[in-house]
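The values are calculated or read from the model by the stated rules, or taken from the named source; none is laboratory data. Values in this document were obtained by computation on a predicted structure and should not be read as measured data. Heads up, the Cβs are rebuilt from the backbone with ideal geometry, glycines too, and the neighbour counts pull from every protein chain shown.
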Amino acid sequence: MDPSRFEQLARNPARTRDDLESMKANALSKGETELAHIAEEVLRERFPIRTKAPSGRTPTTAIFREHKEQFDSGKDAYLWLVNEFKRYRPTIFHDYEKLHVRAKSAGRRYARTPESLFPPGSPRAGNPAYYAELGGGWYADINVNHQNKFSALVQLGHLAGLEFPRNWNLHVEGGTQELADQQKQQAKQQAMILKAEEMLVELLKLE
């Protein structure tokens, strides 16, 4: 299904939590990760997880080669790493864009305009809370959870010839119960790497 049409359906006020969970599960079962991401975002917006822990900034450690930095938020750590990848390989966003143009992806994590980050017609494109300017005419989608940040960094790492965790790392050190649960899944990161590698291989086949 076209991502813009999928998002329109997902944002129908009549959709219940169960409806959105089903849309997300069905998209994942078909390998439509972009559609699953849209369903997940709508779920977080309409049915936020309530916990007693604060839902704000989460201390995060980012490592790039010999540099290690502490940040007050996962977003800041993520953007620091993205810019470190760019400094290490100045053409990395051009390489990323070429792969996604070949794949005809309607949405991507890095693009030349905010509109190109999201499916056509998405209200997220006009809201600065959903993206950040990277400099040099590039923008990044920042409305993603830590798992999706990690997957995006894995792709950039492979394009730059950098290995996880030897050359870079991203570790969320605290936050809400939801994030604490995500930390328990750190042991599954290798599986996430393999999945990201498979996605990258499929993109490279389009060359």
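Every condition in (1) modelled with pLDDT of 90 or more; (2) exposed (fewer than 14 other Cβ atoms within 10 Å of the Cβ); (3) not in a loop (DSSP other than H, G, I, E, B) is met by TYR78 except one, and the failing one is (2).
Taking residues in region 159-174 that are over 10 Å from PHE64 (Cβ atoms), and partners anywhere that are surrounded by 15 or more Cβ atoms within 10 Å (Cβ to Cβ) and hydroxyl-bearing (Ser, Thr, Tyr), the pairs with Cβ atoms closer than 8 Å and at least 6 places apart or on different chains are LEU159/TYR96; ALA160/TYR88; HIS171/THR60; VAL172/THR58; VAL172/THR60; GLU173/THR58; GLU173/THR60; GLY174/THR58. Note on region 124-154: residues that are touching a residue at least 12 places away in the same chain (Cβ under 8 Å) and acidic (Asp, Glu) total 1.
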